[in-house]
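Take a look at the structure below.
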Amino acid sequence: MFGRRPPSKSDNTKFYEILGVPKTASPEDLKKAYKKAAIKNHPDKGGDPEKFKELGEAYGVLSDPEKREIYDQYGEDALKEGMGGGGGGHDPFDIFSSFFGGGGSPFGGGSSRGRRQRRGEDVVHPLRVTLEDLYLGTTKKLSLSRNALCSKCNGKGSKSGASMKCGGCQGKGMKVSIRQIGPGMIQQMQHACQECKGTGESINDRDRCPQCKGDKVIPEKKVLEVAVEKGMQHSQKITFSGQADEAPDTVTGDIVFVVQQKEHPKFKRKGDDLFVEHTLTLTEALCGFQFVLTHLDSRQLLIKSNPGEVVKPDSYRAISDEGMPIHQRPFMKGKLYIHFTVEFPESLSPNQTKAIEAVLPKPTKAALTAMEIDECEEATLHDVNMEAEMKRKAQTQREAYDDDDEEEGPGGGHGVQCAQQ
């Protein structure tokens, strides 16, 4: 939190008037007044829902010592601005049902709306798998630690099953402290109650459960068998519903495993298809090739070209039904694509050149005459790395742009100024 000036004083009598009590009312007086008025105005008894809501808001503030102190000193606006954790958010049905053991309506027939049960957080773990695991399917046993409700006290924390509202935080689980940090400046801090460790309840030391020591939960080891199905994708989730940490009055969250595929040294996956790189010599590209490819299930595939087929550099060939299994349709598979790179010789001898010219198609254009050659200016070719060349050019352009900015100066122009008339 940061320091701020205290707000201007606003109405600080409205909540007392709603409950029909003086500003000097004790906590017991507030309880009696609220209970009597709330029963009278409860919607299940035909009361006014708005009046019932106002009663809950008023009691929610005045029953909290910190909020009541702020309300008495600065009024309702200070709570709306966030002091004391805010003045809103009091559920009138929750406040009312707390007077009757959390059982909803005391008039029979159930409450006009049920109590919402908090849901525990999901626990997410990465699951590292190989491409072979996703191709073949596998099962992994994983040992995890989690909190489980104490079996001895059924998550009550006490031998008798009883607990009391924490006196330190009035059952809120949180406390708000205010201190002055300078002239006209205050600092507000919210923190978990140390007495109840944020639970809002306290248990008598003599009544504490001997197994969980009042914590209501105990740590336990759990072994889960995680089935990785054929064809599952990277980032796909495997969910174990209701297997996360348990807590009293809480719907247990899920344990979620997120599939994380490791990089494969040979195969690349895109959806349900597989890609593999293969380099051919120039002779293989022109005259034919065959090679053995070991697949993800260790099968040996014989890959060979068709008679008379020429493979061009940077070309692809596909094999149907040799890609990844399609998830939940394991008898259907994607394609296996082979990307061919052709390796050319660094140079050729004159005899090799003549031999190749003898078998390859002749050039479509006629050879230049000696006169035509004499009229031309000879250019010399040299090797170049295009990627490095483009990076060098981009760097040169950036440096030139920076130099232009420096010459223009802070005004954005080339030193040109307009004379005022």
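Please treat every number below as a calculation from the coordinates, not as lab data. Values in this document were obtained by computation on a predicted structure and should not be read as measured data. Don't worry about glycine lacking a Cβ; one is built from the backbone with ideal geometry, like all the others, and counts go over all protein chains shown.
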I'd like the full set of residues that are out of contact with any Gly (no Cβ under 7 Å at 6 or more places or on another chain) and surrounded by fewer than 20 Cβ atoms within 10 Å (Cβ to Cβ), limited to segment 30-42.
Leu30, Lys31, Lys32, Lys35, Lys36, Ile39
Answer from Leu134, Leu142 - the residue that is of a type in the set (A, V, I, L, M), within 33 Å of the chain's Cα centre (by Cα) and assigned to a strand (DSSP E or B):
Leu142
Among the residues in segment 281-304, are any touching a Leu at 6+ places or on another chain (Cβ under 7 Å), under 19 Å from Met232 (Cα atoms) and either hydroxyl-bearing (Ser, Thr, Tyr) or surrounded by 15 or more Cβ atoms within 10 Å (Cβ to Cβ) (or both)?
yes
Single unsatisfied condition, Asp215 versus (1) touching a strand residue (DSSP E or B) at 6+ places or on another chain (Cβ under 7 Å); (2) in a loop (DSSP other than H, G, I, E, B)
(1)
Could you check Arg269 against (1) of a type outside the set (A, V, I, L, M, F, W, C); (2) in a strand (DSSP E or B); (3) more than 30 Å from Asp122 (Cα to Cα) and say which number it fails?
(3)
Select from segment 329-371 the residues that are surrounded by 10 or more Cβ atoms within 10 Å (Cβ to Cβ) and more than 18 Å from Leu286 (Cβ to Cβ) and list them in ascending order.
Arg329, Pro330, Met332, Lys333, Gly334, Lys335, Leu336, Tyr337, His339, Leu368
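A quick yes/no check of all residues on (1) assigned to a helix (DSSP H, G or I); (2) of a type in the set (Ser, Thr, Tyr); (3) over 22 Å from Val176 (Cα atoms):
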position: Asn12; (1), (2), (3): no, no, no
position: Ile18; (1), (2), (3): yes, no, yes
position: Pro22; (1), (2), (3): no, no, yes
position: Asp29; (1), (2), (3): yes, no, yes
position: Ala38; (1), (2), (3): yes, no, yes
position: Asp44; (1), (2), (3): yes, no, yes
position: Glu66; (1), (2), (3): yes, no, no
position: Glu69; (1), (2), (3): yes, no, no
Check Cys153, Cys196 and return the single one that is in a loop (DSSP other than H, G, I, E, B) and over 27 Å from Tyr59 (Cβ atoms).
Cys153
Out of the residues in segment 218-247 that are among the hydrophobic types (A, V, I, L, M, F, W, C) and part of a loop (DSSP other than H, G, I, E, B), which is farthest from Gly200 (Cα to Cα)?
Met232
When segment 301-358 is examined, which residues are found to be among the acidic types (Asp, Glu) and outside any strand (DSSP E or B)?
Glu309, Asp314, Asp321, Glu322, Glu346, Glu357
